[in-house]
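Beneath this line is the structure, given in structure tokens, with notes to follow.
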Amino acid sequence: MEEMEFSVPCLFGLEGLAGDELRRLDIQNVRVENGRVLFSGDESALAKANICLRTGERVLIVLADFTATTFEELFQGVYKTELERFIPQDGAFPVKGHCLSSTLMSVPDCQAIIKKAASRRLGEKYGVSWLPETGAKYQLQFSVMNDRVQLYLDTSGPGLHKRGYRANGNDAPLRETLAAAMVTLTRYRGREFLWDPFCGSGTIPIEAAMIAKNKAPGAFRRFSAEAFAWIDPKIWGQVRTEAKDREFHGNYRIMGSDNDPKCVSLSMANARKAGLGDLIDFRDGDATKMSLPCDEGILICNPPYGQRMMEQKSAQRLYADLGRHLKFADGWKKYVITSEPEFEHYFGKRADKKRKLYNGMIKCDYYMYTDNSRKNQKRDDKK
């Protein structure tokens, strides 16, 4: 098949990381935009992006991009699209999407028009008056934004954040793609001790272990494009084998803890399902009272937010207690994500860096304490 154009939607703030990932995978023509990353490639690039991307949400084939302010323009734009390149005669092609700040704002009406135009196009190309839609699923997605229509074919199925290892979560599970981004931003590569003192369902330690091992996040699951008639099944096997061959095998110091024993048990079960149970040490413990496991390392956590699991006052007290407990942990770099705008005040220290991220629909800041004063003191002593 000819080269295709792809779009990878991302959580806001993660576009640059996803773009870097794609470039490291030797994928061509990568362009970063707000909320997504675009790239070009063939079926192998499609499989590679789905299996190996840690911070992207899904992989979409860009089918059409045009302007429409009337339903007739919408119909004609879809009708002119070469859908028969991708959807066979028996293929099922449901339609879903969204509209924002456009003349055409009715999602159900746009769905109906796109479905009608696609059906007519495919029916005429295959010379039939009725399409059975009994075969594989070819999910069409559309976006109508500022009167610009973009039509996509979804190749992922369930979002890429659904790795396949987390059957259950706690009350406020962290999205896997966000957890992977948080670990990536620490520049962790498996050499340092890494500790998550609010591990919940174990997402951060598990994603850290996958990064340390260079384990492909899509190794545990299937993708909708694996059923596409025009993709050779051998491609998926080849990409999975190559990803497996790139894995590292070492001993990593990764720990997750939580003051809820049920969360610890859940984390252990999820780690075992991910095939990483022997790489992560999970234990019970209060983050504000536990002894540090060693002199130096990376602490990374998603503590409870006042608006989600605890009352705001309780969350603020927790941040203050954590700050006091870690006040003299000079050998540790600390990374905390929270929606509390006054976190630095309660924690008792201004962050060296901050980065805006979204945990679901919650706007957060990622506070990064990277100045290792103990090492700086050693340098001063040498002088």
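Among the residues of segment 220-262, the ones that are touching an Asp or Glu at 6+ places or on another chain (Cβ under 9 Å) and in the same structural domain as residue 180 (by TED's automatic domain parsing) come to 9 in all.
Among the conditions (1) over 17 Å from the mean Cα position of the chain (by Cα); (2) more than 21 Å from residue 361 (Cα to Cα), residue 199 misses just one, which is (2). Residue selection: residue 178 fails the criterion of being crowded, with 20+ Cβ neighbours inside 10 Å, among the aliphatic types (A, V, I, L, M) and in a strand (DSSP E or B).
For every residue, the table says whether it meets (1) free of Cβ contacts under 8 Å to residues at least 40 places away in the same chain; (2) basic (Lys, Arg); (3) closer than 26 Å to residue 69 by Cα; (4) touching a strand residue (DSSP E or B) at 6+ places or on another chain (Cβ under 9 Å).
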| residue | (1), (2), (3), (4) |
| --- | --- |
| 110 | yes, no, yes, yes |
| 116 | no, yes, yes, no |
| 127 | yes, no, no, no |
| 130 | yes, no, no, no |
| 135 | no, no, no, yes |
| 143 | no, no, yes, yes |
| 148 | no, yes, yes, yes |
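Give segment 107-127 a look and list any residue that's loosely packed, with under 13 Cβ neighbours inside 10 Å and among the small types (Gly, Ala, Ser), or say none.
So the first thing to find is which residues in segment 107-127 are loosely packed, with under 13 Cβ neighbours inside 10 Å, and the list is 108, 124, 127.
127 - this is the single residue of segment 107-127 that is loosely packed, with under 13 Cβ neighbours inside 10 Å and among the small types (Gly, Ala, Ser).
Looking only at segment 59-78, which residues are of a type outside the set (A, V, I, L, M) and over 21 Å from residue 1 (Cα atoms)? Within segment 59-78, 66, 67, 69, 70, 71, 72, 73, 75, 76, 77 meet the criteria.
Of the residues in segment 7-22, none is among the aromatic types (Phe, Trp, Tyr) and either in contact with a helix residue (DSSP H, G or I) (Cβ under 7 Å, 6 or more places away or on another chain) or in the same structural domain as residue 337 (by TED's automatic domain parsing) (or both). For segment 206-218, does any single residue satisfy the condition of being in contact with a helix residue (DSSP H, G or I) (Cβ under 7 Å, 6 or more places away or on another chain) and over 20 Å from residue 22 (Cα atoms)? So far as segment 206-218 goes, yes, one or more of its residues are in contact with a helix residue (DSSP H, G or I) (Cβ under 7 Å, 6 or more places away or on another chain) and over 20 Å from residue 22 (Cα atoms). The one condition from (1) over 19 Å from residue 332 (Cβ atoms); (2) surrounded by fewer than 20 Cβ atoms within 10 Å (Cβ to Cβ); (3) not aromatic (Phe, Trp, Tyr) that residue 253 does not meet is (1). Is it fair to say residue 219 is outside any loop (DSSP other than H, G, I, E, B), more than 17 Å from residue 26 (Cβ to Cβ), of a type outside the set (Lys, Arg) and touching a residue at least 12 places away in the same chain (Cβ under 8 Å)? Yes. On inspection, residue 72 does not qualify as touching an Asp or Glu at 6+ places or on another chain (Cβ under 7 Å), farther than 30 Å from residue 174 by Cα and without any contact (Cβ under 8 Å) to a residue 40 or more places away in the chain. Checking the structure you have, find out if any residue of segment 149-164 is farther than 19 Å from residue 6 by Cβ and more than 21 Å from the chain's Cα centre (by Cα). Within segment 149-164, none of the residues are farther than 19 Å from residue 6 by Cβ and more than 21 Å from the chain's Cα centre (by Cα).
What number of residues within segment 222-232 are part of a helix (DSSP H, G or I) and touching a helix residue (DSSP H, G or I) at 6+ places or on another chain (Cβ under 7 Å)? Step through it out loud before you land on a result.
First pass over segment 222-232, keeping only residues part of a helix (DSSP H, G or I): 224-227.
Cutting the leftovers down to touching a helix residue (DSSP H, G or I) at 6+ places or on another chain (Cβ under 7 Å) gives us 225-226.
Residues in segment 222-232 being part of a helix (DSSP H, G or I) and touching a helix residue (DSSP H, G or I) at 6+ places or on another chain (Cβ under 7 Å): 2 in total.
Checking each residue in segment 195-237 for being closer than 18 Å to residue 160 by Cβ, surrounded by fewer than 21 Cβ atoms within 10 Å (Cβ to Cβ) and small (Gly, Ala, Ser) picks out 219, 224, 227. Considering segment 101-149, the residues that are touching a Gly at 6+ places or on another chain (Cβ under 8 Å) and hydroxyl-bearing (Ser, Thr, Tyr) include one that is nearest to residue 225 (Cα to Cα), namely 138.
The values are calculated or read from the model by the stated rules, or taken from the named source; none is laboratory data. Computed from a predicted model, the values in this text were never measured in an experiment. Glycine also receives a Cβ, built like all others from the backbone with ideal geometry; neighbour counts cover every protein chain displayed.
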